[in-house]
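Notes for the one structure printed next.
The values are calculated or read from the model by the stated rules, or taken from the named source; none is laboratory data. Everything quoted here is computed from the prediction, not taken from an experiment. Neighbour counts run over all protein chains shown; Cβ positions are idealised from the backbone, glycine included. To get the accessible areas, we keep the full protein, side chains included, count just its heavy atoms, and leave off ligands, DNA and RNA. Shrake-Rupley method; radii C 1.70, N 1.55, O 1.52, S 1.80 Å.
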Amino acid sequence: MDIVRIDIEELELALVEPFETSFGVELRRRFLLVHLEDAQGTEGWGECVASREPLYSEETVASAWSFLAECVVPRWRKTPPSDLEGVTRLLAAFRGNRMAKSALQQALVDQSARRARQPLARWLGGRRSHIPVGVSVGIHPTASRLVARVGRYVDDGYRRIKLKVRPGYDAEPVCAVRRAFPDLTLWVDANQAYAPTAGPRIAAWARQFRVAQVEQPFPERALRAHARLARRAPFRVCLDESIVDSESLDDALDVRAMTSVNVKTGRIGGPLVARELARRAVRHGVVAWVGGMLESGVGRAHNVHFASLGAFTLPGDISASDRYYLDEIIDRPFALERDGTLAVPSGPGTGVELAEPAHRRAVRRRRSYRLK
Ligand code: OSB
Ligand code: MG
């Protein structure tokens, strides 16, 4: 391993169009990249998915920066880990801060796969060369604009559409999309926006409009409400925000709160911990798939490689580069293949490099820490 330097960068990128969820509207995204270099000059990159404000989870760009700079770097310097397990132990000693930990673990697995001269997918144990993908569609001001937007994604070839919903924006837009696309595979995601008592109403429109999966309708801790919805439902109930570690997975499995799980390495604390969690969920009969957090090309490359694992059997929220940002900061943008898949890059590690000057233009601040 022999990491000699870590750089933390804060970047800002403008979305191609606003992305509205039950949390609010996003026009641009602030995020961190973590860069590592070992003594031989082998590099690794990881992305932190925490956003500027603590809406999706408690972490923020600022909290992740300070956790890495003020907790991880000093401890690393005091007792340098000699291998990946050592880093995992170092990180596990600290509570929470999973998105920050994940950024570092992503950079480490990228660097390890590059050193092994293997694509990250193969290094992780993945076999697929292509990843089936869908697209997550934000809240739109009118049903007709939503239908037009969905139509363009369907024409692009996405395998399924996930609509963001919230109280007051559900049955009507879902009905409009179902009318316009009778055969479309339709999912919805509420990002915790409903009260636990809203279950029967959600079940009614989800059933009527043949929604295949309802993601995180209730608050993170409301496992019983999710379990009640999942009982005898003709759709899958998927958990996202609720599943942050192996204990929350155990709790959800115990009460049968989900039939599907959205696996994001950032939410769970890194690709290695998330891989274990996904495998365990699948052993318990839960369907697993890879979610997204509007990552830049760096984080999306990680998601694509991660999604090549056999545990994942539904199309991921991993869309093409042109769906996200005006500027792509990697050299090989992701493009949707005609069959609704993204190709897993075949070079070592993530198989993508930072593209200059786009990357430099997006950087707002940067700090370097010598570790040796
Ligand atoms: O809940 O899955 C979510 C984006 C940001 C935060 C939370 C979520 C999402 C998405 C977008 O649904 C998925 C993507 O990156 O394409
Ligand atoms: Mg979600």
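Residue count for segment 202-213 under the criterion of being in a loop (DSSP other than H, G, I, E, B) and not β-branched (Val, Ile, Thr): the result is 3.
Scanning segment 336-345 finds one or more residues that are over 20 Å from ASP156 (Cα atoms) and either among the hydrophobic types (A, V, I, L, M, F, W, C) or assigned to a loop (DSSP other than H, G, I, E, B) (or both). Surrounded by 17 or more Cβ atoms within 10 Å (Cβ to Cβ) and free of Cβ contacts under 8 Å to residues at least 24 places away in the same chain: is that true of LEU90 in this structure? So LEU90 passes the test. Of the residues making up segment 293-318, those that are farther than 21 Å from GLU353 by Cβ and not hydrophobic (A, V, I, L, M, F, W, C) are GLY310, THR313, PRO315, GLY316, ASP317. Residue-level analysis places ARG98 among those that are open to solvent by 50 Å² or more (accessible area, probe 1.4 Å), in contact (Cβ under 8 Å) with a residue 40 or more places away in the chain and among the basic types (Lys, Arg). For THR185, the test of being touching a residue at least 40 places away in the same chain (Cβ under 8 Å) and either touching a Pro at 6+ places or on another chain (Cβ under 7 Å) or open to solvent by 30 Å² or more (accessible area, probe 1.4 Å) (or both) is passed. Filtering segment 1-19 to residues that are surrounded by 18 or more Cβ atoms within 10 Å (Cβ to Cβ) and over 22 Å from GLU70 (Cα atoms) leaves LEU13, PHE19. If you go through segment 39-58 and keep only what is closer than 24 Å to ARG365 by Cβ, touching a strand residue (DSSP E or B) at 6+ places or on another chain (Cβ under 9 Å) and of a type outside the set (Gly, Ala, Ser), you end up with GLU43, TRP45, GLU47, CYS48, VAL49, ARG52, GLU53, PRO54, LEU55, TYR56.
Checking the condition out of contact with any Pro (no Cβ under 6 Å at 6 or more places or on another chain), modelled with pLDDT under 95 and closer than 28 Å to LEU239 by Cβ, which residue from ARG52, ARG89 passes?
Values: ARG52 fails: modelled with pLDDT under 95.
Result: ARG89 is the single residue among ARG52, ARG89 that is out of contact with any Pro (no Cβ under 6 Å at 6 or more places or on another chain), modelled with pLDDT under 95 and closer than 28 Å to LEU239 by Cβ.
Against the test of being in a helix (DSSP H, G or I), under 24 Å from TRP289 (Cβ atoms), more than 16 Å from ligand 2 (Cβ to nearest atom) and without any contact (Cβ under 8 Å) to a residue 24 or more places away in the chain, the options ARG178, ARG152 yield a single qualifying residue, ARG152. From the list ASP339, ASP322, the one residue that fits, being within 16 Å of ligand 1 (Cβ to nearest atom), surrounded by fewer than 20 Cβ atoms within 10 Å (Cβ to Cβ) and in contact (Cβ under 8 Å) with a residue 40 or more places away in the chain, is ASP322. Against the criterion of being more than 16 Å from ligand 1 (Cβ to nearest atom), out of contact with any strand residue (DSSP E or B) (no Cβ under 9 Å at 6 or more places or on another chain), in a helix (DSSP H, G or I) and at negative phi, ALA100 does not qualify. Listed by first and then second residue, the pairs linking a residue in segment 1-23 that is assigned to a loop (DSSP other than H, G, I, E, B) to a residue that is small (Gly, Ala, Ser) and buried (at least 19 other Cβ atoms within 10 Å of the Cβ), with Cβ atoms under 8 Å apart and 6 or more places separating them unless they lie on different chains, are MET1/SER112; SER22/ALA190; SER22/ALA193. Taking the listed residues ARG117, ARG30, ARG52, the one that is within 23 Å of PHE19 (Cα to Cα), of a type outside the set (Val, Ile, Thr) and either touching a residue at least 24 places away in the same chain (Cβ under 8 Å) or surrounded by 22 or more Cβ atoms within 10 Å (Cβ to Cβ) (or both) is ARG30, with no other qualifying. The strands (runs of 3 or more DSSP E) found entirely in segment 214-302 that carry 1 or more residues being within 15 Å of ligand 2 (Cβ to nearest atom), modelled with pLDDT of 95 or more and more than 15 Å from GLY316 (Cα to Cα) are 236-239. Determine, yes or no, whether TYR158 is more than 21 Å from TYR324 (Cβ to Cβ) and either within 26 Å of the chain's Cα centre (by Cα) or without any contact (Cβ under 8 Å) to a residue 12 or more places away in the chain (or both). When the stated conditions are applied, TYR158 does not pass them.
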